[in-house]
Structures are given as C-alpha cells and as structure tokens.
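What follows is a single structure, written as structure tokens, with notes after it.
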Amino acid sequence: DYVVVKMIPDNRLPPRHLHSVHTGKTFAVIKWESPYDSPDQDMLYAVAVKDLVRKTDKIYKVKTRNSTVEYTIKKLEPGGKYHVIVQLGNMSKESSMKINTVPLSAPDALKIITENDHILLFWKSLALKESNFNESRGYEIHMFDSLMNITAYLGNTTENFFKVSNLKIGHNYSFTVRARCLYSGQMCGEPATLLYDELGTGEDSSSTKNGRSTDVAAIVVPVLFLLLVSLGIGFVVLYMRHRRLQNSFTAFANSHYSSRLGSAIFSSGDDLGDEDDEAPMITGFSDDVPMVIA
C-alpha cells in the first residue's frame, strides 16, 4: 500500500542559493533557485540593485518557470559596489548578496623624463584599451616618499602627462597614476606604479627587478664558467705531471733492474765515492807508447 502526498507550494519562501557566477566591469551574472522544486507555473521575481556608492536603486523583473534562474545585471560601473536583493513579486522573504565590479585597468607605459628642476610623468591613454573610459574623466596622481613614509595627492589631469616639482635630493619616490575616482575616493581605476630614485632615473618596479636579476646572472654565469674551466685545466696539468713522474721513475727503475736478483739495485752516494777512490787515476799518455786504433 502507498499514499501519494503533494506538498502545497509556499510562495512566501525566499529564493535559494543566490550567488554570483561572473563579474565584469559593467555587468554581473547572478544565479539562484526557485523557493521550491519544479514550479508548476510562471514565477515573477523582483531583482533590486542598490548602488552603495551613488546611493541609487534599480529594480528589474524576471518571469520564468525554471527551477534554476540565471540573470545578467547590466549598466554597472567599473569599480562599483552593489547590494543585490532577489525575492518573489509578492514581496516574500528575500535573498541578498553584495558584488563588486572589476575596476578599470592601469595606464600602460608609465615613464619619467627628467628636466633641470622637475620631472615629467608620461603614460598611454587609457581609452586605447578601455572602451568604458572617457578622457574627460581624467587621471589622478599620487606620490609616496619612502624616506618620510608619506603619501601625497598631487592632483589630476585630463592629459597624458603630469609635471612634478620640488623633489628633495636623497629621497626615493613612488608615483601612481590611475583613472580618477568618481565619488569620495571610490570607483577608482587600478594604479600604475613607477619608482623614482635619488639619482633621477625612473624605473618600473617589475622591470627593475627583472633587470637587476638579469644583470646579476650576466655576471655570475661567466665567473662560474671561468672557475670551472680553470679547475679543469688544473686537473689536467696535475694529471700530466703525475704521469710524467710515474714514467720517469719506471724508466729509472727498469734501468737498474737485475734479472739475476729479481729486484732493482740502487747505489748510494757513498758507494759511488768509494769506487771513484779505488779506480786508478789516468795521468796522461807517453810519447813512446804506440796508439792502436781498432
């Protein structure tokens, strides 16, 4: 025996498993599930988007019968902060989440040109790679003095260069350039950072590290190679000298070898001196002794 039970749908329940699937600069894809499985009719959802920076609200309506709902929120701003609320159209219980859009990219090719009493910062226009950026928005420039441990706001510009004066000798500076923030230091672009040392040469931090590591490698590798070659030559010379001495000793020992005794015979200096004393001394030849030539 069995009984079939059909639960009565409760439209007062909130949507389930609300989460963000993908977030871009001007859009966000969100996803959720219906309050109960397998809806038997179309369900109307209200998607409220609250801009936490501008303090504005927008409401979108989504009508579907699917158990899983995916929706794309458009016309967002890069670097923005939003609070998203999803609930049924009858104002049932809600599900909410917060999302942050991707900020604008950092300007490319940030460089420094040194003049007599000032420096000039140059960079590429951000509009070349960011379709959402308008040059009228401009850029803002910050400076960090590592010696004084102070960060200063230098100003903003709609150009692609900026003049910096009154730099102190012996101080190291870091300059950052980014798309200008829109509201109270929010909705800013990613910063491009450039180091400026006391000698007046601007260097990108990433290129400086790579350049230094390359220079060190260019010095260390040849030195290690020369050391290895020198060690190899030294081993060869020692080996040749060892072979030469071994061959000389072998030849000397063979020349004094006695096959009768089965060993080599070496004479000391004293023995040689005694033989010289016992040998008769040749004083000369007489005229009356005939010389025979064989």
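The values are calculated or read from the model by the stated rules, or taken from the named source; none is laboratory data. Values in this document were obtained by computation on a predicted structure and should not be read as measured data. Reconstructed Cβ throughout: ideal geometry from the backbone, glycine too, with neighbour counts over all protein chains shown. Note: areas computed on protein heavy atoms with side chains; ligands, DNA, RNA excluded. Shrake-Rupley method; radii C 1.70, N 1.55, O 1.52, S 1.80 Å.
Numbers below:
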item	result
Long-range tail of P(r) for region 108-197 (Cα pairs > 18 Å, %)	42
Estimated FRET transfer efficiency (S136, D57; beta-carbon r; R0 30 Å; 0.05)	0.65
Sequence of I233, I141 when ordered by accessible area, the most exposed leading, probe 1.4 angstrom	I233, I141
Those trypsin sites (Lys or Arg not before Pro) in region 25-60 that DSSP places in a loop and that have at most 10 other beta carbons within 10 Å	K55
Per-residue HN-Hα couplings for region 171-183 [Karplus 6.51, -1.76, 1.60; θ = phi - 60°; Hz; x = Gly/Pro]	9, 9, 10, 10, 10, 10, 10, 8, 4, 4, 5, 8, 9
Number of Lys pairs (Cα under 20 Å; 8 or more positions apart or on different chains) in region 25-68	9
Förster radius 41 Å - calculated FRET efficiency between V220 and Y153, Cβ distance, rounded to 0.05	0.45
Stretchable slack from N100 to F144, in nm (0.36 nm times residue separation minus alpha-carbon distance)	13.1 nm
With DNA, RNA and ligands ignored, accessible area of S248 (1.4 Å probe; Å², nearest 10)	70
Kirkwood-Stokes translational diffusion coefficient of region 1-142, alpha-carbon pairs, 10 °C, 1.306 mPa s, µm²/s	86
Probe 1.4 Å, accessible area per residue of region 45-198, Å²	56
Stretch gain in nm, segment S165-N90, where the contour uses 0.36 nm per residue and the Cα spacing is subtracted	20.8 nm
Accessible-area composition of region 40-165, carbon plus sulfur, in percent [1.4 Å probe]	49
Alpha carbon Rg of region 16-100, scaled by the compact-globule rule 2.2 N^0.38 Å	1.07
Estimated distance in nm for a label pair at V29 and S125, the labels positioned 7 Å out from Cα along Cα-to-Cβ	3.2
